[in-house]
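Structure first, then comments.
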2 protein chains.
Amino acid sequence: MADVKKKTGLIVVNTGDGKGKTTAALGICVRAVGYDMKVAIVQFIKGSWHYGEIDGIKRLAPNVELFTGGKGFVGIMDDNLPREEHEKAARSTLEYAKELMLSGKYDILVLDELNVAVSIGLLKLKDVLDLLDKKPELLSLVITGRGAQDKLIEKADLVTEMKEIKHPYRKGILAQKGIDY
Amino acid sequence: MADVKKKTGLIVVNTGDGKGKTTAALGICVRAVGYDMKVAIVQFIKGSWHYGEIDGIKRLAPNVELFTGGKGFVGIMDDNLPREEHEKAARSTLEYAKELMLSGKYDILVLDELNVAVSIGLLKLKDVLDLLDKKPELLSLVITGRGAQDKLIEKADLVTEMKEIKHPYRKGILAQKGIDY
């Protein structure tokens, strides 16, 4: 087969209402570190990670670097900032992600909760698709968050839906450290 | 609510035909390390991990320890060993996992590809369910592999199906280091 691509970067999307979207991205970091690859994680929802995740990722430094989304981009609209501030911060985070993507320093770029930023309208889908078009061939993008748009899925190579089959909240069990956060 | 459980171990199952089952278990390791928790990973399918994963996990030592399934348990029946040898090895791996579970040394025990060992008949479902019944309250179990049995799902607290929406193999792209393995 002439068109088999041996080595290439992939556009990976982890979406769905279940657990494991960001967690699998963290797992990709573990694997990448084992190959001495470089990973940058850009968080589009500031405050979405707990200190355990942040401290855990530090153990994978310097191979893995974490960048938290632009100033002012706090939570999903659950604060008193005007919406324009959120949009501005989301856009500057996307701009920053693009710089990292084009820097030549990374093998994998994780865009954490990017799908959420798009689905709540903080980012234009078109701007995200434009970013994907500029992806260097050998770099892989890992995009997480529920509600991935169809057009994003179209452009992606590897899309997994994390589907909730059963959740302990339903039995009255609270979120557990290490598993849920 | 009187029956809200604040701190408890969970039985977590990552199943389905998509990517991210073992990868999300690796991500749980990152998070757990950030909380200085202890994790043991038991592999039921020897040879299912590449060196990148193994080397990556070493970066999380000593919090995370990896135990490869019993001697002789190589691949999924793709060798010349008699089936009884595979069954014996799977049973001894399950026995070993039970020892680790009851040792009091770990907060989280990952049983990697256990579902596969059950679905191809190397382990009896009953023996696995018996193990779940003996789980110490505060320990969490993370069970991975496609084809989780209904009775296992019944006993679990948190079940996620990783569903394949799109896969690059279909476009003639080979498995990629860091993403696929």
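The values are calculated or read from the model by the stated rules, or taken from the named source; none is laboratory data. The structure displayed is predicted, hence computed values, not measured ones. Positions of Cβ are backbone-derived with ideal geometry, glycine not excepted, and every protein chain shown enters the neighbour counts.
Some points to look at:
- Selection from segment A:132-181 of residues that are in a strand (DSSP E or B) and of a type in the set (S, T, N, Q): A:SER140, A:THR144, A:THR160
- Test: residue in segment A:136-144 that is surrounded by fewer than 16 Cβ atoms within 10 Å (Cβ to Cβ), aliphatic (A, V, I, L, M) and at pLDDT 95 or above: yes
- The residue list A:GLY20, A:GLY56, A:GLY47 contains one member that is buried (at least 23 other Cβ atoms within 10 Å of the Cβ), closer than 26 Å to B:LEU158 by Cβ and out of contact with any Leu (no Cβ under 9 Å at 6 or more places or on another chain), which is A:GLY20.
- Taking the criterion of being in a loop (DSSP other than H, G, I, E, B) and within 15 Å of B:ILE45 (Cα to Cα), the residues of segment B:83-123 that qualify are B:GLU113, B:ILE120, B:GLY121, B:LEU122, B:LEU123.
- Output for segment A:104-133, where each listed residue is in contact with a helix residue (DSSP H, G or I) (Cβ under 7 Å, 6 or more places away or on another chain), free of Cβ contacts under 8 Å to residues at least 40 places away in the same chain and of a type in the set (D, E, K, R): A:ASP127
- Scanning segment A:145-171 for residues that are crowded, with 19+ Cβ neighbours inside 10 Å and of a type in the set (Asp, Glu), we see that the one that is farthest from B:HIS167 (Cα to Cα) is A:GLU161.
- Flag for B:MET101 being within 11 Å of another protein chain (Cβ to nearest Cβ) and under 15 Å from the mean Cα position of the chain (by Cα): no
- Residue match in segment B:10-27 (condition: outside any helix (DSSP H, G or I) and at pLDDT below 85): no
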